[in-house]
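All remarks here apply to the structure that follows.
Rule-based calculations on the coordinates, nothing more; no lab input. Given the structure is predicted, the values throughout are model-derived calculations rather than measurements.
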Amino acid sequence: MKVLVTGGTGVIGKFLLPLLLENKHEVVALTRSVTKAAQLEDSGVSAIIVDPLDKPRLTAAVRRAEPEVIIHQLSALSGVGNFRKVDQEFALTNRFRTEVTDTLLAAARTIGTRRFIAQSYCGWPYARKGGPVKTEEDPLDPKPPESFTKTLTAIRYLEGKVSSATFLEVLALRYGIFYGPGTAIGKGGATVKMVKKRRFPIIGGGGGVWSFIHLLDAARATVAAISRGAPGIYNIVDDEPAKVASWLPALAKAVDAKPPYRIPYWVGEIVIGKAGMPIMTQVRGGSNAKAKRELNWTPVYPSWRIGFVDGLD
Ligand SMILES: NC(=O)c1ccc[n+]([C@@H]2O[C@H](COP(=O)([O-])OP(=O)(O)OC[C@H]3O[C@@H](n4cnc5c(N)ncnc54)[C@H](OP(=O)(O)O)[C@@H]3O)[C@@H](O)[C@H]2O)c1
C-alpha cells in the first residue's frame with residue numbers, strides 16, 4: 001500500500017519507516033530537511049521536502065503522492081519537561097494536531113485516501129478519578145491543570161476527527177510514554193540523565209500511574225492499524241501500567257543509578273510546581289485490551305520491567 005508519513009524523521013519514525021518497508025508498503029515521508037531527505041531516499045523511502053505549516057505546499061505534496069493511507073506522527077517535543085509551561089512547550093505540536101491535521105484531511109479528501117492514522121496520547125489526558133487503569137471509553141479530564149489546557153484541547157480536536165471525518169477512516173493511536181533509543185527514556189536521554197543524578201524523585205507517595213510503550217511496539221501497532229481495526233481510538237501501551245513508586249526505582253536500577261529520593265508532597269510542589277503534581281501522584285494509566293483484540297497486536301516488550309533493561313539503546 002502507498003503510505004505517506006509525517007514526522008517520519010522523529011523518534012517513532014526511526015522504527016516505523018523500516019517496518020513499513022519490511023511489510024512491503026511503498027513509503028513517502030515528509031521532511032523540511034534536504035539532508036534528512038537524502039537519508040530517507042537512501043533507505044528506500046521517497047522523501048518530499050516541505051514545511052508542514054505551509055498549507056498550500058503541504059496540500060500539493062499530499063495530492064502529488066496520492067497515498068492510500070496517511071500516518072500523521074508529527075510532534076516537536078525535544079527538550080520539553082516543564083510542567084508549568086506545557087502549553088508553551090506543546091504549542092507547535094498542538095498546531096500539528098489541529099491545523100496540519102486539517103490540511104492533511106482536506107488534501108486526503110480530494111485524492112480518495114482510505115485511512116488516516118494519527119498520533120495521540122494515553123496518560124494524563126484521562127480524568128483523574130475512578131480506577132487506576134482507563135479504557136478508551138473512559139472520559140478525559142474535564143479540568144486539567146491550567147498549563148495543560150490548550151494541549152488537551154488540541155488532543156480532543158484531533159480525536160474528534162475519528163467521528164467527524166466521514167469520508168475516510170480515522171484511527172487515533174493513544175501512545176503511552178515512549179521509551180527506547182532517542183527518547184528521554186533512552187540511553188543518554190534527558191530522563192535517564194536526571195535519574196542518574198537523582199534529580200527525579202518520588203513525590204508524595206508516587207501514586208501517579210504511568211503507561212509506557214517501547215518505540216518498537218508503538219511502530220508495530222501503527223503498522224497493524226493500516227489494515228486492521230475499525231475507525232476509533234486505541235490505547236497503545238504495554239501490559240503493566242505502574243505507579244511512579246514502582247517504575248522509577250526499576251528504571252534507576254536498570255541504568256545503574258542509586259535509588260530515587262523520596263520527597264513529601266509540599267516539597268514536590270515547590271520543585272516541579274502545582275501543575276506537575278497530578279502527573280506524579282494522580283494520573284491514570286491505560287488498558288491495551290482493545291488494541292490487542294482489534295489490531296491483533298501484542299507488545300514485544302509487555303512490560304517496562306523488561307524494556308528498561310533490554311530496550312533503552
Ligand atoms: N507518547 C510519547 O511519549 C511521545 C510522543 C512524541 C514525542 N515524544 C518525545 O518527545 C521527544 C522528541 O521526539 P519527536 O519525535 O517529537 O522529535 P522532534 O525532533 O522534536 O521532532 C520530530 C519531527 O517533527 C518535525 N519538526 C520538528 N520541528 C518542526 C518545526 N518547527 N516545523 C515543522 N516540523 C518540525 C521534524 O521533521 P523534519 O524532518 O522536518 O525535521 C521531525 O520529524 C522524544 O523524547 C520523544 O520520546 C514522546
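A few points about this structure:
- The 3J(HN,Hα) values that the Karplus relation (6.51, -1.76, 1.60; θ = phi - 60°) gives for the stretch 125-141 are, in residue order, x, 5, 4, 8, 8, x, x, x, 10, 10, 9, 5, 7, 6, x, 7, 5 Hz. Gly and Pro appear as x.
- Percent of beta bridges antiparallel (DSSP, the stretch 158-313, rounded to nearest 5): 15
- The chain - Debye-derived log10 I(q)/I(0), Cα point model, q = 0.16 Å⁻¹: -1.39
- Interchain or long-range residues, amide H under 5 Å from Ile236's placed H: Arg174, Tyr175, Gly176
- Phi-based couplings in Hz for the stretch 227-235 (Karplus 6.51, -1.76, 1.60; Gly and Pro marked x): 10, 10, x, 6, x, x, 10, 9, 6
- Partners of Lys55 within straight-line reach, counting lysines whose Cα lies under 26 Å from its Cα and excluding those fewer than 8 residues away in the same chain: Lys2, Lys14, Lys36, Lys150, Lys161.
- Structure remark: mean-square fluctuation, Gaussian network model of the chain, C-alpha springs under 10 Å; the largest value among Ser43, Ser211, Ser303 belongs to Ser43.
- Only aspartates and glutamates eight or more places from Lys196 in sequence, or on another chain, were considered; those with a Cα closer than 15 Å are Asp256.
- Choice from Ile49, Ile177, Ile71 with maximal GNM fluctuation in the chain (Cα, 10 Å cutoff): Ile49
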